[in-house]
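K.L.:
To start, I am sharing the structure in question, which I have written as structure tokens.
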Amino acid sequence: MADTTLDAFDLRLLRLLQEDARLSHVALSERVHLSPSQCARRLQRLEQAGVVEGYSVRLDERRMGFGVTALVNVSLERHGESPAATLHAALDELPEVVECLLTTGDADYQLRVVVPDLERFSDFIVRKLMRIPGITGIRSSIVLEQLKTFKGLPLGSFEALRT
């Protein structure tokens, strides 16, 4: 794995890319005060180190026809590598599950599920999720309104911690 030590230039580059991943090396270089080739080399190093995992587009769920977002807590009958691997493999096959977190507390996992409507959500729970071997508990909450969306990591806080 490549060096992942981040300096102030790296953090500025990453902050700008979190705001707009479509910025060119020239635009980045102007804002960070480095040459385009230096920006390109830094980005390549950050990509190779796995700090930058990829580039993507955020889509508006509602405008895309996904009217229901639910947070679904899942509990497993048994813990261990085999039950977890079975669940992970099954979840990978469910496009409705857009995020999965292993958690502490009452549930073992929390899923973020997006579907067009409540009928499809019911179908997802009954015909897909409940059929996964080893699941003993499912509790869901429907999201009424998303007040804050993920817009990137708090790199300003990270920079403050370094000094």
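K.L.:
Roughly how many nanometres apart are two label points built 7 Å out from the Cα toward the Cβ at LEU118 and LYS151?
P.N.:
3.2 nm
K.L.:
In region 80-163, which GluC sites (Glu not before Pro) fall in coil by DSSP and have 15 or fewer other Cβ atoms within 10 Å?
P.N.:
GLU93, GLU145
K.L.:
To the nearest 20 Debye, how big is the dipole of the chain about its Cα centre, given +1 on the beta carbon of each Lys and Arg and -1 on that of each Asp and Glu?
P.N.:
340 debye
K.L.:
Let me have the 222 nm mean residue ellipticity of the chain computed from DSSP H runs of 4+ only, each contributing -39500 (n - 2.57), with the sum over all residues rounded to the nearest 500.
P.N.:
The per-residue figure over the chain is -10500 deg cm²/dmol.
K.L.:
Among (1) 2, 8, 16, 20, 20, 17, 11, 4, 2, 1, 0, 0; (2) 1, 7, 14, 15, 13, 11, 12, 12, 9, 5, 2, 0; (3) 2, 9, 17, 19, 17, 13, 10, 7, 4, 2, 1, 0, find the value of P(r) over Cα pairs in 5 Å bins from 0, in percent that was calculated from the structure presented, and write down its label.
P.N.:
Entry (2).
K.L.:
How many Å² of accessible area per residue for the chain, probe 1.4 Å?
P.N.:
70 Å²
K.L.:
Now a separate question. Which one, GLY65, ALA85, CYS100, is farthest towards the positive end of the dipole of region 54-121 when Lys and Arg carry +1 and Asp and Glu -1 on their Cβ?
P.N.:
Positive-most Cα among the choices belongs to GLY65.
K.L.:
Express as a percent, rounded to the nearest 5, the fraction of DSSP beta bridges in region 11-163 (both residues included) that run antiparallel.
P.N.:
Numbers: 19 of 19 bridges.
Percent antiparallel among DSSP bridges in region 11-163 is about 100.
K.L.:
Tell me the label-point distance for the pair ASP60, ARG78, using the 7 Å Cα-to-Cβ offset, in nm and rounded to one decimal.
P.N.:
My value for the distance between the label points is 4.8 nm.
K.L.:
Please report, as a whole percent, how much of the solvent-accessible surface of the chain comes from carbon and sulfur atoms (probe radius 1.4 Å).
P.N.:
C and S atoms contribute 52 percent here.
K.L.:
Now, a different point. Loop sites only, by DSSP: take the trypsin sites (Lys or Arg not before Pro) in the chain that have at most 15 other C-beta atoms within 10 Å and name the longest stretch containing none of them.
P.N.:
79-147
K.L.:
Cβ under 12 Å from CYS39's Cβ, CYS39 left aside: what net charge do those residues give with Lys, Arg +1 and Asp, Glu -1?
P.N.:
Charge balance in the 12 Å sphere: +3.
K.L.:
Here is a follow-up. Ranked by accessible surface with a 1.4 Å probe, highest first, in what order do LEU144, LEU59, LEU11 come?
P.N.:
These residues rank, largest area first, as LEU144, LEU59, LEU11.
K.L.:
Under 5 Å between amide hydrogens, which residues at least 5 positions from TYR109 or on another chain qualify, with H placed 1.01 Å from N in the peptide plane?
P.N.:
The answer is VAL74, THR103.
The values are calculated or read from the model by the stated rules, or taken from the named source; none is laboratory data. On a predicted model such as this, the values are computed, not experimentally measured, just so you know. Quick reminder, even Gly has a Cβ in these numbers, built from the backbone with ideal geometry, and neighbours come from all protein chains shown. For the accessible areas, the whole protein counts, side chains as well, though only heavy atoms, and no ligand, DNA or RNA atoms are used. Shrake-Rupley method; radii C 1.70, N 1.55, O 1.52, S 1.80 Å.
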